[in-house]
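The values are calculated or read from the model by the stated rules, or taken from the named source; none is laboratory data. Source: prediction; values computed, not measured. For neighbour counting, all protein chains shown are included, and Cβ atoms are generated from backbone atoms with ideal geometry for every residue, glycine included. When the accessible area is computed, the model is the full protein with side chains, heavy atoms only, and any ligands, DNA or RNA have been set aside. Shrake-Rupley method; radii C 1.70, N 1.55, O 1.52, S 1.80 Å.
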Amino acid sequence: MTIEYALKRPDWIRVKAPVSKGYQSTKQLINDLKLNTVCEEAACPNIGECWEKKHATVMILGSVCTRSCAFCNVKTGRPDLLDPHEPERLAQGVGKLGLEHVVITSVDRDDLPDGGAGHFADCIAAIRKSAPNTTIEILTPDFLKKDGAVEIVVAAKPDVYNHNIETVPSLYKSVRPGARYFHSLNLLHSVKKIDPDIFTKSGIMLGLGETTEEVVQVMDDLRAANVDFMTIGQYLQPTTRHAKIDRYATPEEFKYLERVARTKGFLMVASSPLTRSSYHAGDDFRKMQAARVSKAE
């Protein structure tokens, strides 16, 4: 059955169905290792392109989230039991895929005393041991009311610490009811205060009802928190049960916002309809490294 949405997707948001041999090979490996990926769980439109290149964003701590954000396609409910062997399997997968850069994210685990911070640290340590040349990017939950959680993850020294703001403050109540805008900003700022060498990253979606002025204010807030990298992408409504899409921002608008963000002082900005947190993450990380070196000279 075809789901009808109020707005028709424009041509610039359409992608080909994943059918390549490279895609199938990556899918088989991920299945064999019993790893979850946000690529599948969140129905990412870039899955065909990324998996063909053996790029995947692994989702740890199970596949069921304790939150129910209005934009997210990940299942909500009673979370999975914590798998103590997951760090080892993840490290094995990184080796078999031959990844130069890996992105690790997770569901929210409000049920765990540390929100899953220790598990993130274990995964980072396992990869460092088996693939010391692989750079590691993490995309964590907000660890709301989990004192000490951020410190645990930062101590494991990921190369990039990503936490997404997702949307503008005025939409938090409807889009991210379990989160707090300024808590997320403080998390990002805390990472930089604890370890200034770690690159920090955050992103938002367009199309939920935000204004351009609100997006620019988010840019200023992120820079005040010393965030290095900002991503801006198009919200795609997963099902009719999720938050309604307000509009499809044009490629020209994304280019405009990229120019504005660069004037704010970010080391790296990725802004396009299909931009997602981990899209081209490895290439962007290397560009961000070069930008830091250039800025220091």
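Only lysine pairs 8 or more places apart or on separate chains count here, and in the range 87-169 those with Cα atoms under 27 Å apart total 5. Annotation: aspartates and glutamates with alpha-carbon distance below 19 angstrom to Lys8 (same-chain offsets under eight excluded): Asp246, Glu252, Glu253. Match the structure shown to one of the listed values (1) 70, 52, 32; (2) 66, 39, 39; (3) 52, 45, 37 of Cα extents along the principal axes in Å, computed from it, and give that label. The calculated read-out lines up with (3).
For the range 244-282, backbone nitrogen atoms closer than 16 Å to the point 7 Å from Ser170 Cα along Cα-to-C-beta are found at 246-247.
How much of the accessible area of the chain, in percent, comes from carbon and sulfur atoms when a 1.4 Å probe is used?
The C+S portion of the solvent-accessible surface of the chain is 53 percent.
Multiplying the residue separation of Asp246 and Asn186 by 0.36 nm and subtracting their alpha-carbon distance yields 18.7 nm.
Model label sites at Thr211 and Asp283, defined 7 Å from Cα along the beta-carbon direction, differ in position by 3.6 nm.
For the range 253-258, the Karplus equation 6.51 cos²θ - 1.76 cosθ + 1.60, evaluated at θ = phi - 60°, returns couplings of 5, 5, 5, 4, 5, 5 Hz by residue, with Gly and Pro reported as x.
About the centre of its Cα atoms, the chain shows a dipole size close to 440 debye [charges on the beta carbon of Lys, Arg (+1) and Asp, Glu (-1) only; nearest 20 debye]. When the charge dipole of the range 141-265 is built from unit charges on Cβ atoms (+1 for Lys and Arg, -1 for Asp and Glu) and taken about the Cα centre, the candidate among Gly148, Ile204, Met219 whose Cα reaches farthest toward its positive end is Gly148. Once the C-beta distance of Lys193 and Arg223 is scaled by a Förster radius of 22 Å, the resulting FRET efficiency is 0.90 to the nearest 0.05. With helices as the sole contributors, the chain gives -11500 deg cm²/dmol at 222 nm; each DSSP H run of n ≥ 4 counts as -39500 (n - 2.57), and the sum is divided by every residue.
What the Cβ-Cβ distance of Ser294 and Val260 gives, at R0 = 22 Å and to the nearest 0.05, is a FRET efficiency of 0.60. Solvent exposure of the chain amounts to 47 Å² per residue of accessible area, where only protein heavy atoms count and the probe is 1.4 Å.
Translational diffusion of the range 176-297, estimated by Stokes-Einstein from the Kirkwood radius over alpha carbon pairs at 37 °C in a medium of 0.692 mPa s, is 215 µm² per second.
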